[in-house]
1. On a 0 to 90 degree scale, rounded to 10, what angle separates helix 266-277 from the longest Cα axis of the chain?
2. Which of A271, A209, A52 moves most in a GNM of the chain, Cα contacts under 10 Å?
3. Considering segment 161-266, what Rg and Dmax in Å follow from its alpha-carbon atoms?
4. So for each of 225-234, 249-258 I average, over its residues, the number of other beta carbons within 10 Å; can you give me the resulting order with the highest mean first?
5. Dipole of the chain, Cα-centred, from +1 at each Lys and Arg C-beta and -1 at each Asp and Glu C-beta, to the nearest 20 debye?
6. Hey, could you grab the Kirkwood Rh for segment 114-160? Inverse mean 1/r over distinct alpha carbon pairs, Å, one decimal.
7. Once you keep just the Cα pairs under 8 angstrom separated by 6 or more residues, what percentage relative contact order results for the chain?
8. Ranked highest first by the average count of other Cβ atoms within 10 Å around their residues, in what order do 32-39, 173-180 fall?
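Nothing in this text is a laboratory measurement; each read-out follows from the coordinates by a stated rule. Bear in mind the structure is a predicted one, so any value in this text is a computation, not a measurement. Cβ sites come from the backbone with ideal geometry, for glycine too, and all protein chains shown count toward neighbours.
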Amino acid sequence: MQKTTLISIILLVLFCSCKQQNQEIMEPKKTIVRKHPKSISFHFEKSKEWLAKNIDSTQIRIALAVNRTDKTNIPKMDSIIVPKDLTGDIEFYLSFPLEVPYLKDINKIIFFSYPTQTFAAYENGDLIYTGPTNMGRKKDPTPTGLFFTNWKAEKTTSTFNDEWDLRWNFNIANKLGVGWHQYELPGYPASHSCLRLQEKDAKYLYTWADQWILKDDENILVKGTPVIVFGKYDFDAPKPWLQLVQNPKALNISADEIAKTTKPHLNSILAEQKKREKQPIKG
C-alpha cells in the first residue's frame, strides 16, 4: 500500500511539473500594439512656419526626433525635415528595427547609434523605446563598445562646467565620467563625450535601466543594464538625416546589423544577466 502511494505521489509531481513547464512554453508572447503610418516620406519645411501651424504635441515630438533636436533649438533652425504622414508611432520615423530575434535571451539592452544619432531600448528582442540623441563632438567623441549602467542621480553638475546641470544622469563608464542625461540637443553631436537626451527620454531610461550592485566601496558585485555604443559619425559631411528626403530608408538599421554588433559581447551580457537573476529579490 505504501509503495503504491509513493508511486502515485511521484507521478502526480511529475504531471504537475510537466503541466507547469508546458504552460510556460505555451504562454503567448506579449503583443506590442503599434500605430503604423500609411506611408513614410520626408520633405523640408521652414521651421518657424511649420511650428506656427502645428500644435499637436505628438507630431512635434516626431519632428524633434527626426531632426535630432529639442523644443528650444528647433526654432533656431532655418529648415527642418518633416514626415508627410505624422500619424504613426515615433519608432517608424527613426532608425532601429522593431524586432531583433538575436536579442531574445537578453532581458534588457540599450543601443546608441553614432551615425544615426538615435538610441533604442529592447526587451527580449522587442523595441520598447527609441528617440534622438546628440553624442560626443569631434573633439570629444563618445567611446564605443560595450558598457553597463552604473550609478545614477536625478541631478548632477558637469565636470566640464559647474554651471551645467545634468538631469536624469545615468553613468555608463565610471572612470571616464560618461553617461546619458538630459541636456540641450542642437541637432548634431555636440557633447563632451556624453549622450545627450531630451528630458522625457532621459527620465524614461533612468527609471527603466538597472543600477550596478556593489559588493563594497571598491568592487562591483553585479553590473547594470548592458549598453552598446556603435558606429562612426562623419563630422565633415552634411547631417546624415538630410538623406531621408531622397531616401526614407537611408538610415535604417537592420536586425542583422544589431545582431552583428551584439555578437562579440553576447557571452559577457548573458553572464552578467545570470548574476543579476541570482540576486535575492528585495521586498
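1. Long axis of 266-277 versus the principal axis of the chain: about 60 degrees.
2. Residue with maximal mean-square fluctuation among A271, A209, A52: A52.
3. 16.6, 54
4. 225-234, 249-258
5. 420
6. Evaluated on segment 114-160, it is 13.4 Å.
7. Once normalised by length, the contact order is 19 percent.
8. The packing order, highest mean first, is 173-180, 32-39.
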